[in-house]
Every structure is written in C-alpha cells, then in structure tokens.
Amino acid sequence: MKETVLVIGASGQIGTELVMRLREIYGDSHVIASDIKDAAEVVMQSGPFENLDAMDGSRLTEIVKQYKVTQVYLLAAMLSATAEQHRDFAWKLNMESLFHVLNLAKDGIIKKVYWPSSIAVFGPTTPRQNTPQFTVMEPDTVYGISKQAGERWCEYYNKKFNVDVRSIRYPGLIGWKAAPGGGTTDYAVHIYHEALKHGKYESFLGPETTLPMMYMPDAIRATVDLMETASENVKIRSSYNVAGFSFNPEDIAAEVKKHIPEFEISYAPDYRQQIANSWPQSIDDSHARSDWGWAHQYDLADMTNDMLLNLRKQLQVS
Ligand code: AKB
C-alpha cells in the first residue's frame with residue numbers, strides 16, 4: 001500500500017526541510033504539508049498544503065480521511081523560550097495536538113506517528129555530561145514538562161494500544177533553509193545571519209553555555225531513518241537520545257571568525273540563560289546507534305562552512 005504522509009507544522013524550521021525530504025521519498029502528491037500559516041514557497045509549490053490548527057481535532061481527522069493519510073509527523077509545538085511567556089497556551093498546544101494524533105493511531109485510522117521530543121526533558125538534577133538515555137528527569141520549564149509528559153503518553157499508547165509511535169529528543173537544531181522560532185538554542189542560527197549582515201552578534205547566552213547541537217541535514221536523516229526502520233528495531237517508545245556535537249557561544253564565534261576575521265561577539269544573557277543552565281551539555285546516544293544505526297556526520301567546522309556558504313547566497317552578501 002502506498003504511504004501518504006501528513007506533516008503538521010510544515011512551515012517551521014524542521015517542517016520546511018522534512019517535507020521536501022519526504023516528498024523525495026514518497027512523491028510530491030503523497031506528502032501533505034499543513035500549518036496555520038503558509039509554508040515556504042518551495043513547500044507550497046511542490047505539493048499539497050492544507051491550513052490546519054494542530055489543536056483542531058475534527059479538521060485533522062477530515063484531512064487524514066480526505067487524503068487517506070497513513071503516517072503523521074506532528075511538528076507543531078511551542079518551544080522553550082516562548083513557552084515560558086505563554087504557559088497555558090504552550091501546554092494546551094503541545095499536549096492537545098499530541099492526543100489528537102495518538103488517538104487517530106489508536107483508532108486504526110493512521111498507522112505510524114512521529115513526534116519530536118527534546119533535550120528539554122532533562123532538568124537541573126540530570127547528569128549534564130554524556131547524559132544517559134535513562135536517567136533522572138525533572139524538567140523545570142513548561143516546554144520540558146510538556147515534552148516529558150508527551151514521552152510518557154507516547155510510551156503508554158505504544159504499550160496499551162500498540163500504537164507505532166517514534167520519537168527523537170532533538171538537541172538544538174541549526175539550519176539555513178528556515179528560521180527557528182522561540183527556542184533557547186536559536187542563538188546558534190542567529191549568529192551566522194548577524195555575522196554576515198553586520199559583522200557582530202550579541203548573544204543572549206553567556207560565553208561558556210555549552211549545549212548539545214546538531215546540523216539540520218543530520219536531524220532530517222535521523223528522523224527519516226527512525227521512521228523507516230523496521231518496527232522491531234524501535235525498542236524505545238518514549239524518545240531516543242541523539243547527539244551531534246556540543247559547543248558554546250565562544251566556540252561558535254571562534255569558528256565564525258575563521259571565515260569572517262572581523263566578526264565580534266558580545267554577551268547579554270537574559271531569561272534564556274536559566275533554561276540553558278538546566279539542560280545537558282552532551283548526550284549519550286548509544287541506544288539510537290545500536291538500535292537503528294544512528295551516526296551523525298557534521299561537526300562544528302563542517303556546519304559553519306556549509307551555513308556560511310549557503311547563507312551568503314541566500315542573503316546575497318559577499
Ligand atoms: C529549544 O531551544 O527550545 C529547542 C529544543 C532544544 O528543543 N531548540
């Protein structure tokens with residue numbers, strides 16, 4: 001049977017790139033992009049797009065039935081920094097959307113679900129170096145609590161109702177094709193834009209704030225590989241740790257300087273510093289590596305080369 005995929009949150013940082021990759025795999029007309037706002041031109045032009053509020057369960061069911069959707073990727077969410085400003089709404093969006101999708105799978109209307117978790121599920125009492133897959137998890141952010149609760153529900157729906165749900169705990173994600181929004185790790189995208197446009201950047205995290213990060217091509221590959229692997233390889237149904245590399249604002253600034261020697265960074269830590277301080281600095285992803293063959297490819301130097309090369313063209317700066 002031909003798979004038909006629905007991506008909810010297709011206009012976001014991950015959605016923009018994931019839709020295009022899924023269209024390569026399944027064919028343009030078999031990947032339905034959806035969001036409350038229009039997606040990037042390339043997404044809108046290359047296949048179907050539906051306006052969808054992820055909290056609207058009836059509209060979601062209508063779209064799923066109309067297109068005979070077999071898999072749903074639920075990317076719509078409010079991220080860590082914005083969620084602290086809009087607690088009630090963040091909880092509602094992040095949880096209601098997940099229940100709508102899990103229930104469609106429980107009722108046999110769709111076959112497979114992808115739902116992203118985050119390193120935000122960890123908290124200040126978690127070991128911060130090489131954070132294990134199974135460890136103390138006491139998140140103290142709204143976003144982290146919603147992701148932790150979501151993980152528990154994913155595992156519950158798998159155990160009780162045999163729902164084929166798969167998930168990754170994303171680290172900070174960096175890409176040039178679409179802008180991030182509302183995250184604590186977003187500084188690592190802004191820095192490249194500002195370096196090219198203005199030759200300087202004021203970081204909202206302090207110089208030594210080391211966090212786990214990943215370049216978007218690796219994140220897209222991890223997501224698709226996890227969804228494509230045989231069900232028996234997916235031994236963890238809460239969410240998998242995956243790692244790329246770790247750096248802090250000082251490290252990335254030094255890397256940018258290799259390409260733009262006049263680049264200057266300054267620091268003005270704000271409320272996001274406290275969020276970052278509660279997260280791991282590096283991640284042990286050995287379960288993902290042994291269960292479904294995960295291996296990252298990009299490091300900080302490769303990513304910086306590629307980001308600057310592509311952003312120079314996109315922003316039309318020399
Ligand atoms: C955020 O900063 O909120 C996200 C995340 C780590 O999940 N990028």
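The values are calculated or read from the model by the stated rules, or taken from the named source; none is laboratory data. Small disclaimer: the values here were computed from a predicted structure and weren't measured. Every residue, glycine among them, receives a Cβ derived from its backbone with ideal geometry; neighbour counts consider all protein chains shown. Just the protein is used for accessible areas: all its heavy atoms, side chains included, with ligands, DNA and RNA removed. Shrake-Rupley method; radii C 1.70, N 1.55, O 1.52, S 1.80 Å.
Things worth noting here:
- Computed log₁₀ I(q)/I(0) - Debye formula, equal Cα scatterers, no solvent, the chain, q 0.09, 0.15, 0.16 Å⁻¹: -0.43, -1.25, -1.42
- Helix 249-259 axis, angle to the chain major axis (alpha carbon atoms, nearest 10°): 70 degrees
- Within the chain, percent of DSSP bridges classed antiparallel, to nearest 5: 10 percent
- D_trans [Stokes-Einstein, Kirkwood Rh over alpha-carbon pairs] for region 181-316, 25 °C, 0.890 mPa s, µm² s⁻¹: 151 µm²/s
- Computed from point charges on the beta carbon alone (+1 for Lys and Arg, -1 for Asp and Glu), the dipole magnitude for region 278-318 about its Cα centre is near 300 Debye.
- For the pair residue 221 and residue 318, the difference between a 0.36 nm per residue extended length and the Cα-Cα distance amounts to 31.9 nm.
- The dipole here belongs to region 239-318: it is taken about the Cα centre, uses +1 on the Cβ of Lys and Arg and -1 on the Cβ of Asp and Glu, and is about 240 debye.
- Note on region 143-262: antiparallel DSSP beta bridges, both residues inside, total approximately 40 percent of the bridges counted.
- Selected from 100, 259, 287 as most flexible by GNM, with the chain as the system and alpha-carbon contacts under 10 Å: 259
- Angle in degrees between helix 87-106 and the longest Cα principal axis of the chain, rounded to the nearest 10: 40 degrees
- Modelled this way, with points 7 Å down the Cα-to-C-beta line, the labels at residue 51 and residue 3 are 3.0 nm from one another.
- Fully extending the segment from residue 229 to residue 305 would add 24.3 nm, taking 0.36 nm per residue of separation and subtracting the current Cα-Cα distance.
- Apportionment of accessible area to carbon and sulfur, region 185-318, percent (1.4 Å): 46 percent
- 3J(HN,Hα) couplings calculated from phi for region 192-202 with the Karplus curve 6.51 cos²θ - 1.76 cosθ + 1.60 (θ = phi - 60°) are, in sequence order, 5, 4, 5, 4, 6, 7, 10, x, 8, 8, 9 Hz; Gly and Pro show x.
- Size descriptors for region 48-108 (Cα atoms only): Rg and Dmax, in that order, 12.6, 37 Å.
- Relative contact order of the chain, defined on C-alpha pairs under 8 angstrom at six or more residues apart (%): 18 percent
- Extreme residue, positive dipole direction of region 158-261, given options 240, 193, 210 (C-beta unit charges): 240
- When the helices of the chain are scored as -39500 (n - 2.57) per DSSP H run of n ≥ 4 and the total is divided over every residue, the value at 222 nm lands at -14000 deg cm²/dmol.
- P(r) tail fraction, region 1-104 - alpha-carbon pairs more than 20 Å apart, %: 35 percent
- Set of region 206-237 residues, backbone N closer than 20 Å to the point 7 Å along the Cα-Cβ line of residue 254: 206-215
- Descending by average beta-carbon neighbour count within 10 Å, the peptides 164-170, 226-232, 21-27 line up as 164-170, 21-27, 226-232, the highest first.
- Taking the average, over residues, of other Cβ atoms within 10 Å as the packing measure, peptides 55-65, 172-182 rank 172-182, 55-65 from highest down.
- Pair residue 41, residue 86: separation of 7 Å Cα→Cβ label points (nm): 2.7 nm
- Mean Cβ neighbour count within 10 Å, used as a protection proxy, ranking 34-43, 109-118 highest first: 109-118, 34-43
- The long axis of helix 216-228 is offset from the longest Cα principal axis of the chain by roughly 20 degrees.
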